[in-house]
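Comments concern the structure below.
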Amino acid sequence: MKKAILLTIMFILLIISLFPMFSMFYTAVIPSGNLTRVIKERYINDFEIKYMSYLRRKVKSKGKISIVNESPQSTRSILASGPIELLVDKLDLRVAKYIEFWVKGEGDFSVEIRDAFSKSVSKNFKATGEWKKYIIDYKDLKGINLKYVSKLVFNFDGQYYLDDVKVKYKFPTLLNFINVLKEDMFSRYILNSLIVSTIVVVGNIIFSTMVAYAFARRKFFGKNVLFSIVLATMMIPPQVTIIPIFIIMKNIGWIDTYFALTVPMLVTPFSIFLLKQYIEQLPIELEQAAYVDGANTFQILFKIIFPLSKPAIAVMAINTFIATWNDLFYPLVMTNSREMRTVQVGLALYQKLNQIDWPRLMAASSIIGLPVIIIFLAFQKHIISGITKGALKG
């Protein structure tokens, strides 16, 4: 009984901890709205208005238009004597499933959809004299820029009633991910982060291992003091060192380049500490035997220490990749162009530009967080053990 209660509590805590991630992915695939209010359809106009002055700003007509108390679903509709235009102000139909509207009249009519670049598509219909729902499917909208639809033109010949013009959205949709990658330069941000993270990881594998080996095996004057200074730098906030680093990068001419984003991070105190503690546990007899066989220091380092230190190097590489990928403050200071932004900088600035468009924000967050989530799930045992690996001898 106690075991069942414990498992239930653990399951509930797991669901609570994973809820932000699930809500992020869910919001990323909704067409519009947010987590608590998913908008699956949008009324272009239902004519439930009181003032003709407002109607004339939204509806243009060559003939006479009026509001009448007759409707298939609500209370009011528009009565038009001739063609009318519904101004929709750059309506985005890329995520539309179809356009729906109700018409009452007799005879043939057509509906023309125009974009902001004067391109249009049209579809013909036949009215039956009674209220009837008509649909323009997404496949009928090819040939125009669906991102910037400007007006819907109803070509009526005679008196027709029109009501409940709305767009039905696709749900779920992957359009938010496509828009983020194509239109918001996140593909470039991801490439920058991959380049920077890869260079920093490779640099730490090589240089941090060499420094750690020197501290672990070599004897030189001031070794302990120097290692204490290395450890002390871990306690210095990055906000303190960012200004001197920025001045150095500016004097060298590396601001807004990959050099500024990678070179200062090629050796990190945590990597040195982790690898030193691990190398100290390796049998020194292997190195002594290699010296007897004529191997030099670099041969011992690359042919003995590196292979034997693979577990610690893997842990260090994973932690370094995640830390570099998630870094915001340093790349924000060292870059000043969109082309050199990393994913976290791009997301931070993107949020300021799109505070209301939650689906696209969550799509961007999902794309950025997915590599880290995959790496963490694949190597979580190494990550957790890496925190304590080498901390205790024996």
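To keep it simple, each residue is scored yes or no on (1) on the phi > 0 side of the Ramachandran plot; (2) open to solvent by less than 80 Å² (accessible area, probe 1.4 Å); (3) under 38 Å from the mean Cα position of the chain (by Cα).
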{"residue": "Ala4", "(1), (2), (3)": "no, yes, no"}
{"residue": "Ile12", "(1), (2), (3)": "no, no, yes"}
{"residue": "Thr27", "(1), (2), (3)": "no, yes, yes"}
{"residue": "Asn34", "(1), (2), (3)": "no, yes, yes"}
{"residue": "Asp46", "(1), (2), (3)": "no, yes, yes"}
{"residue": "Tyr54", "(1), (2), (3)": "no, no, no"}
{"residue": "Ile78", "(1), (2), (3)": "no, yes, no"}
{"residue": "Gly82", "(1), (2), (3)": "yes, yes, no"}
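Can you go through Ile44, Ile12 and tell me which one is out of contact with any Pro (no Cβ under 8 Å at 6 or more places or on another chain) and either of a type in the set (Gly, Ala, Ser) or in a helix (DSSP H, G or I) (or both)? Steps first, answer last, please.
On the way: Ile44 fails: either of a type in the set (Gly, Ala, Ser) or in a helix (DSSP H, G or I) (or both).
Just one listed residue meets the conditions, Ile12.
Only one of these conditions is not met by Thr75: (1) at pLDDT 90 or above; (2) out of contact with any strand residue (DSSP E or B) (no Cβ under 9 Å at 6 or more places or on another chain). Which number is it?
All conditions are met except number (1).
Mind listing whichever residues of region 97-124 are assigned to a strand (DSSP E or B) and farther than 30 Å from Leu174 by Cα?
The first filter runs over region 97-124 and keeps only residues assigned to a strand (DSSP E or B), leaving 97-104, 106-115, 120-124.
Result: Val103, Lys104, Glu106, Gly107, Asp108, Phe109, Ser110, Asn124.
Give all pairs with beta carbons closer than 6 Å in which a residue from region 192-213 that is closer than 17 Å to Glu280 by Cα meets a residue that is of a type in the set (Ser, Thr, Tyr) and open to solvent by less than 50 Å² (accessible area, probe 1.4 Å); count only pairs at least 6 apart in sequence or on separate chains.
Ser208/Ser271
Pick from region 218-247 the residues that are surrounded by fewer than 12 Cβ atoms within 10 Å (Cβ to Cβ) and of a type in the set (Val, Ile, Thr): which of them is farthest from Met340 (Cα to Cα)? Before you say what the answer is, go through the steps one by one.
Just the residues of region 218-247 that are surrounded by fewer than 12 Cβ atoms within 10 Å (Cβ to Cβ), to begin with: 218-222, 224-225, 228-229, 232, 234-240, 243-244, 247.
So of that shortlist, the ones also of a type in the set (Val, Ile, Thr) come out as 225, 229, 236, 240, 243, 247.
On the way: Val225: 38, Ile229: 33, Ile236: 27, Val240: 23, Ile243: 19, Ile247: 19 Å.
By that ranking, first place goes to Val225.
Tell me which residues, restricted to region 159-195, are open to solvent by 10 Å² or more (accessible area, probe 1.4 Å) and aliphatic (A, V, I, L, M).
Leu174, Leu175, Ile178, Leu181, Met185, Ile190, Leu191, Leu194, Ile195
For region 84-96: of the residues being touching a Phe, Trp or Tyr at 6+ places or on another chain (Cβ under 6 Å) and either under 30 Å from Val180 (Cβ atoms) or part of a loop (DSSP other than H, G, I, E, B) (or both), which is most open to solvent (accessible area, probe 1.4 Å)? Step through it out loud before you land on a result.
Narrowing region 84-96 to residues touching a Phe, Trp or Tyr at 6+ places or on another chain (Cβ under 6 Å): 84, 90, 95-96.
Checking which are either under 30 Å from Val180 (Cβ atoms) or part of a loop (DSSP other than H, G, I, E, B) (or both) leaves us with 90, 95-96.
Working: Lys90: 128, Val95: 14, Ala96: 1 Å².
Across region 84-96, the extreme among qualifying residues is Lys90.
Six or more apart or on different chains, Cβ atoms under 6 Å: show the pairs whose first residue is in region 222-247 and over 18 Å from Leu275 (Cα atoms) and whose second is of a type in the set (A, V, I, L, M, F, W, C).
Qualifying pairs under 6 Å: Ile242/Val333; Phe246/Val333.
Tally up the residues in region 300-350 that are polar (S, T, N, Q) and surrounded by fewer than 14 Cβ atoms within 10 Å (Cβ to Cβ), please.
Filtering region 300-350 down to residues polar (S, T, N, Q) leaves 309, 319-320, 324, 326, 335-337, 342, 344.
Those still in the list that are surrounded by fewer than 14 Cβ atoms within 10 Å (Cβ to Cβ) too: 336-337.
Selection size over region 300-350: 2.
I need a count of the residues in region 112-132 that are open to solvent by 70 Å² or more (accessible area, probe 1.4 Å) and within 17 Å of Ile99 (Cα to Cα).
Our first condition is that a residue be open to solvent by 70 Å² or more (accessible area, probe 1.4 Å); within region 112-132, this holds for 114, 117-119, 122, 124, 126, 128, 130, 132.
Subset that is within 17 Å of Ile99 (Cα to Cα): 114, 122, 124, 126, 132.
Counting residues in region 112-132 that are open to solvent by 70 Å² or more (accessible area, probe 1.4 Å) and within 17 Å of Ile99 (Cα to Cα) gives 5.
Six or more apart or on different chains, Cβ under 9 Å: which pairs go from a residue in region 147-168 that's part of a helix (DSSP H, G or I) to one that's among the hydrophobic types (A, V, I, L, M, F, W, C) and open to solvent by 50 Å² or more (accessible area, probe 1.4 Å)? Could you list them?
Final answer for the pair search is Lys147/Ala116; Tyr148/Ala116; Tyr148/Phe117.
Could you tell me which residue of region 262-285 is nearest to Ile245 (Cα to Cα), considering only residues that are exposed (fewer than 13 other Cβ atoms within 10 Å of the Cβ) and free of Cβ contacts under 8 Å to residues at least 60 places away in the same chain?
The initial filter retains those residues of region 262-285 that are exposed (fewer than 13 other Cβ atoms within 10 Å of the Cβ), namely 283-285.
With the extra rule that they be free of Cβ contacts under 8 Å to residues at least 60 places away in the same chain, the set shrinks to 283, 285.
On the way: Pro283: 39, Glu285: 42 Å.
Ranking the candidates gives Pro283 first.
Is it fair to say Ile67 is touching a Phe, Trp or Tyr at 6+ places or on another chain (Cβ under 9 Å), open to solvent by less than 80 Å² (accessible area, probe 1.4 Å) and in contact (Cβ under 8 Å) with a residue 60 or more places away in the chain?
Values: touching a Phe, Trp or Tyr at 6+ places or on another chain (Cβ under 9 Å): yes; open to solvent by less than 80 Å² (accessible area, probe 1.4 Å): yes; in contact (Cβ under 8 Å) with a residue 60 or more places away in the chain: no.
Answer is no for this residue.
Scan region 346-369 and give yes if some residue there is more than 17 Å from the chain's Cα centre (by Cα), over 30 Å from Ile279 (Cα atoms), at pLDDT 85 or above and part of a helix (DSSP H, G or I), otherwise no.
To start, the set of residues in region 346-369 that are more than 17 Å from the chain's Cα centre (by Cα) comprises none.
There is no residue in region 346-369 that is more than 17 Å from the chain's Cα centre (by Cα), over 30 Å from Ile279 (Cα atoms), at pLDDT 85 or above and part of a helix (DSSP H, G or I).
Which one of Val372, Val333 is modelled with pLDDT of 90 or more and either over 30 Å from Arg218 (Cα atoms) or not in a helix (DSSP H, G or I) (or both)? First the steps, then the outcome.
Working: Val372 fails: modelled with pLDDT of 90 or more.
After applying the criteria, what remains is Val333.
The values are calculated or read from the model by the stated rules, or taken from the named source; none is laboratory data. If you're wondering where the values come from, they're calculated on a predicted model, not measured in any experiment. Cβ: placed from backbone, ideal geometry, glycine included. Neighbour counts: every protein chain shown. Side chains are part of the model used for accessible areas, which takes the heavy atoms of the whole protein and leaves out ligands, DNA and RNA. Shrake-Rupley method; radii C 1.70, N 1.55, O 1.52, S 1.80 Å.
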